[in-house]
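What follows is a single structure, written as structure tokens, with notes after it.
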Amino acid sequence: MPISSTSPKLVILDRDGTINEDSDHFVKSPDEWIPLPGALQAIARLSQMGWQVVVATNQSGLGRGLFDIVALNAMHEKMKQLLAVEGGRIEAVFFCPHVASDMCHCRKPLPGLFEQIGERFRADLRDVPAVGDSLRDLQAAAAAGAQPHLVRTGKGQQTALRDDLPSGTVIHEDLSHFVDYWLQQQAQLNDGTDLPEEKLGQDALAASRDQRGV
Ligand SMILES: [Mg+2]
Ligand SMILES: [Zn+2]
């Protein structure tokens with residue numbers, strides 16, 4: 001359990017289809033890792049506003065032998081270097097290397113990666129947004145108690161059509177639009193300094209929850 005009751009400034013992102021172009025044939029090398037338009041700049045805006053950005057990603061290509069850990073690290077090195085140019089930072093990448101038949105607890109839609117993140121950052125995930133393009137991203141987020149956010153990039157256009165999205169899922173055009181939304185929500189939370197801090201937080205949170213919904 002978290003030691004501190006203050007919610008962390010933490011954002012959890014899916015990788016393929018959310019930050020970079022997805023591929024039905026798997027993203028297997030740094031050359032195949034291509035950022036989506038505006039995605040790195042969006043992460044940089046979070047970094048510059050003091051948000052810690054963490055990636056949670058299924059990488060069953062490892063379990064299938066399509067690429068190895070050296071290639072995965074090289075992809076993430078490319079991601080971090082391109083991001084650094086924009087002034088952004090990713091604190092950590094949590095990945096599941098398994099295939100479905102491994103029956104692990106970390107492969108989304110199960111919440112294992114999110115639980116690892118919660119432990120590492122000593123964070124209650126209740127007010128932590130988790131952004132992804134697939135139903136399983138949203139399901140994993142909801143199972144871990146985080147806030148599900150869907151982007152229409154990658155598989156997101158298809159996912160948005162589903163009628164079984166977790167309740168409270170917020171839909172955004174892309175990562176950049178999510179960041180617009182999120183930073184605006186935070187600005188509203190921090191507005192209204194005449195209320196006691198604790199009460200303000202609760203009221204504003206309730207208000208922001210009311211605005212959510214599919
Ligand atoms: Mg994805
Ligand atoms: Zn796993």
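Ellipticity at 222 nm from helices only: DSSP H runs of n ≥ 4 in the chain, each -39500 (n - 2.57), divided by the residue count, give -11500 deg cm²/dmol. Taking each residue as 0.36 nm, the span from residue 122 to residue 187 lengthens on full extension beyond its C-alpha to C-alpha distance by 21.0 nm. The Cβ shell under 10 Å around residue 173 holds other residues with a net charge of -1, Lys and Arg each +1, Asp and Glu each -1. Using C-alpha pairs below 8 Å separated by at least 6 residues, the relative contact order for the stretch 41-114 is 43 percent.
For residue 147, the amide hydrogen comes within under 5 Å of the amide hydrogens of 128, 130, counting only partners 5 or more places away or on other chains and with H modelled in the peptide plane.
Cysteine residues of the chain whose C-beta has no other cysteine C-beta under 4.7 angstrom: 104. 3J(HN,Hα) along the stretch 98-105: 8, 9, 4, 5, 6, 6, 6, 9 Hz, from the Karplus curve 6.51 cos²θ - 1.76 cosθ + 1.60 with θ = phi - 60°, whole Hz, x for Gly and Pro.
Residues in the stretch 172-180 carry Karplus couplings, in order, of 10, 4, 7, 5, 4, 5, 4, 5, 3 Hz; the curve used is 6.51 cos²θ - 1.76 cosθ + 1.60 with θ = phi - 60°, and Gly or Pro positions show x.
Oblate is the label for the stretch 59-108, because a/c, from the alpha-carbon gyration tensor with a ≥ b ≥ c as root eigenvalues, is 1.5 or above and a/b does not exceed b/c. Here the extension length gained between residue 103 and residue 64 equals 12.6 nm, from 0.36 nm per residue of separation less the Cα-Cα distance.
Sequence-ordered 3J(HN,Hα) estimates for the stretch 58-63 from the Karplus curve with 6.51, -1.76 and 1.60 and θ = phi - 60° stand at 6, 10, 5, x, 5, x Hz, glycine and proline given as x.
Dividing the C-alpha radius of gyration of the chain by 2.2 N^0.38 Å, with N its residue count, gives 1.00.
Taken about its Cα centre, the chain carries a charge dipole of about 340 debye when Lys and Arg each add +1 at the Cβ and Asp and Glu each add -1 at the Cβ. Number of Lys-Lys pairs in the chain with C-alpha atoms under 28 Å apart and a separation of 8 or more places or on different chains: 14.
Across the stretch 27-189, the relative contact order, built from alpha-carbon pairs under 8 Å that are at least six residues apart, equals 20 percent. Under 5 Å from the amide H of residue 172 lie the amide H atoms of 150, 151, 152, each residue being 5 or more positions distant or on a separate chain, with H modelled from the backbone and absent for Pro and chain starts.
When the Cα positions of 54, 82, 30 are compared along the charge dipole of the stretch 1-122, 54 comes out farthest toward the positive end, with charges on each C-beta of Lys, Arg, Asp and Glu.
Here, each number is a calculation from the coordinates, and none is a lab measurement. This structure is a prediction, so every number in the text was calculated from the model and none was measured. Positions of Cβ are backbone-derived with ideal geometry, glycine not excepted, and every protein chain shown enters the neighbour counts.
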